[in-house]
Each structure stands twice: as structure tokens, then as C-alpha cells.
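Right, one structure below, let's go through it.
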Amino acid sequence: MEIEFPASARHPEPAQKETVPVKRAVGRPVQRAPEETRQLLIDAAAGEFAEVGFAQASMARIARRAGVSTRTLYKLASGKEELFREAVERRIAAIVSDFGQRSSGPESVEHQLRRLACAFAQLVLSHEACITAKILLAEQGRFPDLAAVYHRNSRRVTDAFDEHAGALLAGRLAPGKDPAVLVRLLRLIIVGQQRQQILGLSPAMSGPEISEFVAQAVAYLLGER
């Protein structure tokens, strides 16, 4: 599976906020807490990686995207590797937490499984996720440490999905049906669609199309419960 980098996975800010001046073209510098500035840099780096790849990404351009000076950037991040690693880890933490919320509630098992699978599919099938996958395929030989970070965190997501979906289905299937097998099939359907998109064999899906794709897959797999 692959990972995208939206701007929503933010860590809580500390109670005492040291501030960092941020350069602007006109007017006096504004003051931001280091954590807020660091998140801006992570978001800017994700956009840079998506556009030009990791190897061609420029720390100077990342600073400009974030609206800070390169001096401020290097105070808060040692380099591209650190920004990439933190972008992945923050995103994964948010997704894993969300799985728990989507696999609970008073709704039917099918509805809860559909919500959980939609969260996984929105992550895997987004345009940004497919771009990230292409970057890793092209550059993992040159940056093995980067690929290791990516694959380790990808594994965290698939393990969390399997755990929550398996717990949801445990004891609720017809005799002889293994929840682990059904969950694995559902995950492979989603990941298989991603590979089709990466190879250009299938167009990228919109949000509603992803939801409908997942709904059909879940209904098919649970059809003979």
C-alpha cells in the first residue's frame, strides 16, 4: 500500500509556545510556534516530493513553499530525509487512530466494514498516493533508507487495517468462513486497483467513485455470509 501526505495530521502544540519569525515579502515578520512552522515545512515538502520526486526536491523551494527562510528551515529540519520520514509517520498515526473510530458504532457489520475499508481506500487510491508510489519505485535504489521508512510505515497501516477489520468480523460470519481470509481479499482488491492506476491501466478515482468501489467489494465479499 502507499501513503499520501495531506496537511491534516498535526500534533498537538505544547502549552508554552516559543515563536519563530517567518519571512514575508512585505510587512513585518509574523511569529509562529516552532511546531506550527515545522508542520508547514512538512506539508511543503510533501508537495515538492509529489511534483518533482525526492532526488530533485530542493530545500530552498521547500522553504519558499512554506513561506520561511532557508535559515529557519535548517533550524527545524536537518534535510529532506527527515521531512519525508516525519510526513509519513504523522500521516500514519492519524490514519491508524481513525481506523478505530470507523470500526465501532451501532451500525451493521457491513456498514462498519465499508467505513473502515473506505478510509483505507481513500488513503491508497488517491492521486497523491499513486504519485508517492511512483517516486519510491523510481528512487528506492538510490535511497534505500527512505524506502525502508516508507515500507515500514506502510506495514503499520495494513496491519492496523487487518486487525480492526478482523476484530469486526470475528464471530459474525457463517461457519467455515475465516475472517482473516476475507479481510485479506478486501485489502488485495483495494491494493490491486492502486497498482492498476500506477501502471496507467485504470484512471484515478474520485472520492465518490472510491466509496462506490469499496461498497461493491464489501457487498460482494459479505454476500454469502
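The values are calculated or read from the model by the stated rules, or taken from the named source; none is laboratory data. Bear in mind the structure is a predicted one, so any value in this text is a computation, not a measurement. Methodologically, a virtual Cβ is constructed for each residue, glycine included, from the backbone with ideal geometry; neighbour enumeration extends over all protein chains shown.
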Just to be sure, is ARG195 surrounded by 12 or more Cβ atoms within 10 Å (Cβ to Cβ), in contact with a Ser or Thr (Cβ under 7 Å, 6 or more places away or on another chain) and at pLDDT 90 or above?
no
Which fully enclosed helices (runs of 4 or more DSSP H) of the stretch 112-225 have 2 or more residues being without any contact (Cβ under 8 Å) to a residue 40 or more places away in the chain?
144-169, 179-198, 207-222
So how many residues does the stretch 127-143 have that are at pLDDT 80 or above and either touching a helix residue (DSSP H, G or I) at 6+ places or on another chain (Cβ under 8 Å) or of a type in the set (S, T, N, Q) (or both)?
3
For the stretch 111-159, name all the residues that are more than 12 Å from the chain's Cα centre (by Cα), of a type in the set (A, V, I, L, M, F, W, C) and within 18 Å of ILE189 (Cβ to Cβ).
LEU113, LEU116, ALA117, CYS118
Look through GLU86, GLU35 and report the one residue that is among the acidic types (Asp, Glu), closer than 28 Å to VAL124 by Cβ and surrounded by 15 or more Cβ atoms within 10 Å (Cβ to Cβ).
GLU86
